[in-house]
Amino acid sequence: MASNLLHVLPPQGLLRPLAVPERLLLGPGPSNVPPRILAASGRQLLGPMHPEVLQVMDDIKVGIQYAFQTQNQLTLAISGSGHCAIEAALVNLVEHGDPVLVAVNGIWGQRAADIARRLGASVYELLKPPGEYFTPWDIEEGLVRHKPSVLFITHGESSTGVLQPLEGLGKLCHRHGCLLLVDAVASLGGAPIFMDQQEIDILYSGSQKVLNAPPGSAPISFSERAREKILRRKTKPPSFYLDMRWLANYWGCDGEPRRYHHTAPINSFFSLREGLAMLAELGLENSWEHHRVNCAQLCQGLRDLGLELFVKEEKARLPTITTVRVPEGYDWKEIIAFLTDNYAIDISGGLGPSEGKVLRIGLMGCNSTSRNVDRVLHALRDALRCCHHSKL
Ligand code: PMP
């Protein structure tokens, strides 16, 4: 019925059908969602306190404990993407004026430092050029100089393709009275990490990389030391949504009856559960091995194309995301567009400090296959030939 009450008309775009092309996602994430996980996210809704949903949350919790290799009770999934997990960690750990040391060798350290500053922390940055990692000596120097209560470091630096060695860092931090906070959004399931054995105090990840679930939920876990620091806070965390006391209760981590806190993204939890189940079925060690082997095949193929890997040391290369220098005389945007237009393959340019310098190729979870390596190498070979006219 025509009406002159409405000054804003139904938008034309919304009257067209939803358009989502098929694309092979070989960028730094998200990765493609396999049918089993897609089906889980399309299941009918239940309420956030229904026992079946609480059971799914319990399944997620033990799935995260397996993926993280931890027995921590305070283990759950944040209702939000990886950034939300960074904020959840810092918002709960940091109080005004707390000294926080951030290892910055790419964008994730930069972002963590930004978030910690917004919380009023005294932030100190340890700097390394993009493409490099921190040694225990670098870290110890920072701990001695700044006496932080928390150290932030990124395990899988997805903006540069660096895998940060974690061995010994937990012990080192504890010797200096500091908690170790690790970002494993881009590495979990693709490279070994042992939360308890490596004495990591706070570890988080994301759903949309190796776990192959849609974005929107983020596994996180806190050691006993970290939990005690949260309980000792003098002030409430400045976020209600991310308050770990509330979330611990909603996730059944505090032994108290579970209470409604927020309407969780229930379909995201269904798919995260399935992503964790698939990882458990495959086995962590098999998953790490797939990622190692396929990344090695990709690196060799890229070298055979005459391309230069951005991370020099083989052991410092992230098995999930490979960075390669933009070849001399080519426009990186054209290479990416060529792959999308001609092969329906998505790869990505650099991010933050690596922007304009590298191309990033991700092989994560179900996308980490030898066939996908062949596909992307074939497409890149073609791109290098056909984008020839764009030589600068
Ligand atoms: N940390 C790392 C290492 C990442 O790769 C990403 C995502 N690219 C994030 C944090 C942020 O995750 P999200 O985009 O899910 O917020």
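Out of all the residues in the range 20-39, is one or more outside any loop (DSSP other than H, G, I, E, B), surrounded by 13 or more Cβ atoms within 10 Å (Cβ to Cβ), modelled with pLDDT of 95 or more and not hydrophobic (A, V, I, L, M, F, W, C)? Yes, the range 20-39 contains a residue that is outside any loop (DSSP other than H, G, I, E, B), surrounded by 13 or more Cβ atoms within 10 Å (Cβ to Cβ), modelled with pLDDT of 95 or more and not hydrophobic (A, V, I, L, M, F, W, C). If you go through the range 66-123 and keep only what is β-branched (Val, Ile, Thr) and more than 17 Å from Leu188 (Cα to Cα), you end up with Val91, Val94, Val100, Val102, Val104, Ile107, Ile115, Val123. Considering (1) of a type in the set (A, V, I, L, M, F, W, C); (2) within 16 Å of the ligand (Cβ to nearest atom); (3) open to solvent by 30 Å² or more (accessible area, probe 1.4 Å), the lone condition that Met49 does not fulfil carries the number (2). Out of Val182, Val144, one residue alone is within 12 Å of the ligand (Cβ to nearest atom) and outside any loop (DSSP other than H, G, I, E, B). It is Val182. Contact annotation: residue pairs with Cβ atoms under 7 Å, 6 or more positions apart or on different chains, pairing a residue in the range 203-222 that is in the same structural domain as Ser81 (by the TED database) and more than 19 Å from Gly27 (Cα to Cα) with a partner that is within 8 Å of the ligand (Cβ to nearest atom) and part of a strand (DSSP E or B), are Tyr204/Asp183; Tyr204/Ala218. Within the range 334-386, being in contact with a Leu (Cβ under 6 Å, 6 or more places away or on another chain), within 23 Å of Pro214 (Cα to Cα) and open to solvent by less than 10 Å² (accessible area, probe 1.4 Å) holds for Ile345, Ile347, Ile361, Gly362, Val373, Val376.
Scanning the range 139-155 for residues that are under 13 Å from Ala103 (Cβ atoms) and either open to solvent by less than 40 Å² (accessible area, probe 1.4 Å) or touching a strand residue (DSSP E or B) at 6+ places or on another chain (Cβ under 6 Å) (or both) returns Ile139, Gly142, Leu143, His146, Pro148, Val150, Leu151, Phe152, Ile153, Thr154, His155.
Residues of the range 56-83 that are within 12 Å of the ligand (Cβ to nearest atom), surrounded by 21 or more Cβ atoms within 10 Å (Cβ to Cβ) and in a helix (DSSP H, G or I): Gly82 alone.
Residues in the range 185-209 that are surrounded by 24 or more Cβ atoms within 10 Å (Cβ to Cβ) and either more than 11 Å from the ligand (Cβ to nearest atom) or over 14 Å from the mean Cα position of the chain (by Cα) (or both): Gly189, Gly190, Ile193, Met195, Ile200, Asp201, Ile202, Leu203.
Check the range 104-113 and report whether any residue there is assigned to a strand (DSSP E or B) and either over 13 Å from Pro148 (Cα atoms) or in the same structural domain as Leu242 (by the TED database) (or both). Checking the range 104-113: at least one residue is assigned to a strand (DSSP E or B) and either over 13 Å from Pro148 (Cα atoms) or in the same structural domain as Leu242 (by the TED database) (or both).
The values are calculated or read from the model by the stated rules, or taken from the named source; none is laboratory data. Since the model is a prediction, treat every value here as computed from it, not as a measurement. Positions of Cβ are backbone-derived with ideal geometry, glycine not excepted, and every protein chain shown enters the neighbour counts. To get the accessible areas, we keep the full protein, side chains included, count just its heavy atoms, and leave off ligands, DNA and RNA. Shrake-Rupley method; radii C 1.70, N 1.55, O 1.52, S 1.80 Å.
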